[in-house]
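Before any comments, here is the structure.
The values are calculated or read from the model by the stated rules, or taken from the named source; none is laboratory data. The structure displayed is predicted, hence computed values, not measured ones. Heads up, the Cβs are rebuilt from the backbone with ideal geometry, glycines too, and the neighbour counts pull from every protein chain shown.
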Amino acid sequence: MFTGIIEEIGKIVEITNEKENKCFKIHSKLSSELKIDQSFSHDGVCLTVTEIDIKNSTYKVTAIQETLNRTNLAKWHVGYEVNLERAMKADGRFDGHFVQGHIDAIGIIDEIHEANGSWMIFIQYQEGLGYTVSKGSITLNGVSLTVVDSFPNAFSVAIIPYTWGHTNLSKLEKGSIVNLEFDIFGKYVQRLQQMEMNRI
């Protein structure tokens with residue numbers, strides 16, 4: 001379980017292929033604090049740490065084909081900056097919202113513009129894959145955000161300067177592909193509605 005509060009931006013330094021899987025070596029100051037088999041959020045995707053090199057401050061994770069198909073990881077390249085968050089401690093303070101690290105859909109950035117000290121981002125996604133509500137929660141590349149405007153297959157979020165400067169959201173541009181995880185409570189409501197409609 002994660003909260004969507006990003007701890008650090010890591011940088012991909014190497015990508016290798018293992019059959020259909022991709023292995024990513026990532027440089028991060030958090031490397032020395034990690035453990036093998038630890039769950040670690042990368043742009044909102046929960047991946048398992050498989051190797052740690054404390055001397056060079058790097059670690060490795062592996063993404064299987066299913067993950068590559070459903071997220072933006074297939075677009076990652078050497079030099080890509082990735083949002084990182086360790087799993088929440090049981091006795092930790094809960095600052096964001098419930099984030100599972102399971103991506104529901106990929107979104108496409110439709111528009112970004114500055115708005116008097118903050119930034120507005122408009123995102124489109126395939127209709128039916130999830131729902132948003134105004135003032136509800138959404139996870140964008142692992143970042144816990146509040147929805148401003150909600151539409152059937154699109155939504156907007158406002159980014160404060162701190163989040164803009166401490167995540168990879170500042171690297172986004174029109175057409176960028178981002179990972180979306182919809183609010184878990186909304187997903188349960190959506191499932192209940194689908195079950196009810198099937199009974200009718």
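Scanning segment 109-136 for residues that are in contact with a Gly (Cβ under 8 Å, 6 or more places away or on another chain) and either farther than 21 Å from E81 by Cα or assigned by TED's automatic domain parsing to the domain that holds D43 (or both) yields a total of 7. One residue stands out in segment 11-26 among those that are of a type in the set (V, I, T) and under 19 Å from the mean Cα position of the chain (by Cα): the one that is surrounded by the most Cβ atoms within 10 Å (Cβ to Cβ), namely I26.
One line per residue, one yes/no per condition, for (1) within 15 Å of T16 (Cα to Cα); (2) within 19 Å of the chain's Cα centre (by Cα):
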site	(1), (2)
S28	no, yes
T58	yes, no
V61	yes, yes
Y80	yes, yes
R86	no, yes
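Could you list, in sequence order, all residues of segment 87-124 that are among the small types (G, A, S), closer than 15 Å to T139 by Cα and at pLDDT 90 or above? Across segment 87-124, the qualifying residues are A105, G107. From the list P161, P152, the lone residue that is surrounded by fewer than 18 Cβ atoms within 10 Å (Cβ to Cβ), at pLDDT 95 or above and of a type outside the set (A, V, I, L, M) is P161. Would segment 66-80 turn up any residue that is part of a strand (DSSP E or B) and in contact (Cβ under 8 Å) with a residue 40 or more places away in the chain? Scanning segment 66-80, I find no residue that is part of a strand (DSSP E or B) and in contact (Cβ under 8 Å) with a residue 40 or more places away in the chain, so the answer is no. Filtered by the rule that a residue be over 17 Å from the mean Cα position of the chain (by Cα) and of a type outside the set (A, V, I, L, M), segment 127-173 gives E127, G128, S134, K135, D149, S150, F151, P152, N153, P161, Y162.
If the condition is being among the polar types (S, T, N, Q), crowded, with 18+ Cβ neighbours inside 10 Å and over 20 Å from F98 (Cβ atoms), then segment 68-83 contributes only N72. Say we look at segment 50-65 and pick out the residues that are touching a residue at least 40 places away in the same chain (Cβ under 8 Å) and within 18 Å of V13 (Cβ to Cβ); which of these is surrounded by the most Cβ atoms within 10 Å (Cβ to Cβ)? By that ranking, first place goes to A63.
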